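A quick write-up on the structure given underneath.
The values are calculated or read from the model by the stated rules, or taken from the named source; none is laboratory data. Keep in mind that this is a model prediction, so the values were computed, not measured. Because the Cβ atoms are built from the backbone with ideal geometry, glycine has one as well, and the counts that use them run over all protein chains shown.
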Amino acid sequence: MSTTTQPLPDSVSAVLGPRYRSVAVPVDGGDLHVGVWEPEDAVAPGAEVPTAVLVHGITSSHVAWARLAQALPGVRVVAPDLRGRGRSRDLPAPYGMALHADDVAAALDHLGVRQAVAVGHSMGAFVALVLADRHPRLVRSLHLVDGGMPLLPPPGVAPQDVAAAVLGPAADRLRATFPSRAAYREFWGEHPALGPYQDEVVTAYVDYDLVGEEPELRPATRPAALQEDIRELVDGAAVQAALEEVPSRPATWYVAPRGLLDEVPPLYPDAARDRWTRQLPTLRMVEVDDVNHYTVVLGAHGVRQLLPHLGADLGVTPSGDAPGSG
């Protein structure tokens, strides 16, 4: 079984830039699609290349990282499409944080990466956390962006229902079909968390997230992958085990002030922030200003606030600004 290999839309190619290449990594069940941004300048033979592995969210893709990758020209950036998403959508079940982490480890090994700074957004932060637990030799430090800490039930919501309550609209989108790319752009244009912030990066992210043919295009994420993964964001065994190892390496947790629909309270309200910083006193929490759950990585304003922390950890100076607007 192989990954989907249709040509990239022009809007996506333009945003990924000249440093980008695509790699197929053999994993259990087929090939994992991995985007790689190589350093802008030539690296001396045998020299250690600063490397970041970036892991996307539950219904996202590696294109979500295009803006951050472009702002780190001196870094090798490794960003997979997770199993069941993007161009890795044809990889079979099972899913789950442990298998996603093993897939990411396989990508790093395939590329000859000895150690990386692991950055995860939303569900990708949970994957990064489990990666560090299952493959500690590969992870130097963790950067968990509006994710990674188990979701706490809001008042009146049972633990088994919390993930579905938070991510219900995403499941509805995955079951829908769209007659054209323009229609899908229009759908996202009306989304409260991304519509007001649309630019070339958001457009590329949206355009990449379609499979099939007109007039029955559909989002790339398989609904079964969402359903299998979603419960682990509350009390998954692999996540719980990984939390015990957080003190063993530097870990930074970034929290957004607004949620998946640009709403307040955010994904991690004050009670959740207090809970996890008390339980994990070595976890450094960074409050990201004026972003929502999406724009913390897709928007230039969010990326600008991540760069100083990532640059310091990678030992590089990021570019002066995050590309694009927003």
Kindly indicate whether GLU244 is touching a strand residue (DSSP E or B) at 6+ places or on another chain (Cβ under 6 Å), more than 23 Å from THR203 (Cβ to Cβ) and modelled with pLDDT of 95 or more.
no
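Do we find that ARG67 is out of contact with any helix residue (DSSP H, G or I) (no Cβ under 6 Å at 6 or more places or on another chain) and at pLDDT 95 or above in this structure?
no
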(Q) Looking for something closer than 27 Å to VAL303 by Cβ, part of a helix (DSSP H, G or I) and modelled with pLDDT under 95 - is there at least one such residue anywhere in segment 158-166? (A) yes
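Criterion first (over 15 Å from the mean Cα position of the chain (by Cα), among the polar types (S, T, N, Q) and under 19 Å from GLN240 (Cβ atoms)) does GLN115 satisfy it?
In short, no.
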- Message: Among the residues that make up segment 91-100, is at least one of them part of a strand (DSSP E or B), out of contact with any Asp or Glu (no Cβ under 7 Å at 6 or more places or on another chain) and buried (at least 23 other Cβ atoms within 10 Å of the Cβ)?
- Response: no
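Test GLY29 against the criterion of being surrounded by fewer than 20 Cβ atoms within 10 Å (Cβ to Cβ), on the phi < 0 side of the Ramachandran plot and not hydroxyl-bearing (Ser, Thr, Tyr), and give yes or no.
Criteria not met by GLY29.
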Filtering segment 211-228 down to residues that are touching a helix residue (DSSP H, G or I) at 6+ places or on another chain (Cβ under 6 Å) and surrounded by fewer than 19 Cβ atoms within 10 Å (Cβ to Cβ) yields PRO223
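Does PRO196 count as in a loop (DSSP other than H, G, I, E, B) and surrounded by fewer than 20 Cβ atoms within 10 Å (Cβ to Cβ)?
Judged against the criteria, PRO196 is not a match.
Do we find a residue being within 26 Å of ASP90 (Cβ to Cβ) and not basic (Lys, Arg) anywhere in segment 155-163?
Yes, some residue in segment 155-163 is within 26 Å of ASP90 (Cβ to Cβ) and not basic (Lys, Arg).
Go through segment 219-263 and count every residue that is of a type in the set (S, T, N, Q) and over 17 Å from the mean Cα position of the chain (by Cα).
Restricting attention to segment 219-263, the residues satisfying the condition of being of a type in the set (S, T, N, Q) are 221, 227, 240, 248, 252.
With over 17 Å from the mean Cα position of the chain (by Cα) added as a condition, the list becomes 227, 240, 248.
Total meeting the criteria: 3.
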Going residue by residue through segment 297-311, is there one that turns out to be at pLDDT 95 or above, in contact with a helix residue (DSSP H, G or I) (Cβ under 9 Å, 6 or more places away or on another chain) and among the basic types (Lys, Arg)? no
If you go through ALA106, ALA24, ALA52, the only one that is assigned to a helix (DSSP H, G or I) and either modelled with pLDDT of 95 or more or of a type in the set (Phe, Trp, Tyr) (or both) is ALA106
Taking segment 24-43 and keeping residues out of contact with any strand residue (DSSP E or B) (no Cβ under 6 Å at 6 or more places or on another chain) and without any contact (Cβ under 8 Å) to a residue 24 or more places away in the chain leaves ALA42, VAL43
Could you check, for segment 135-151, whether at least one of its residues is touching a helix residue (DSSP H, G or I) at 6+ places or on another chain (Cβ under 7 Å), modelled with pLDDT of 95 or more and in a helix (DSSP H, G or I)? yes
Within segment 69-83, the residues that are over 16 Å from ALA107 (Cα atoms) and touching a Pro at 6+ places or on another chain (Cβ under 9 Å) are GLN70, ALA71, LEU72, PRO73, GLY74, VAL75
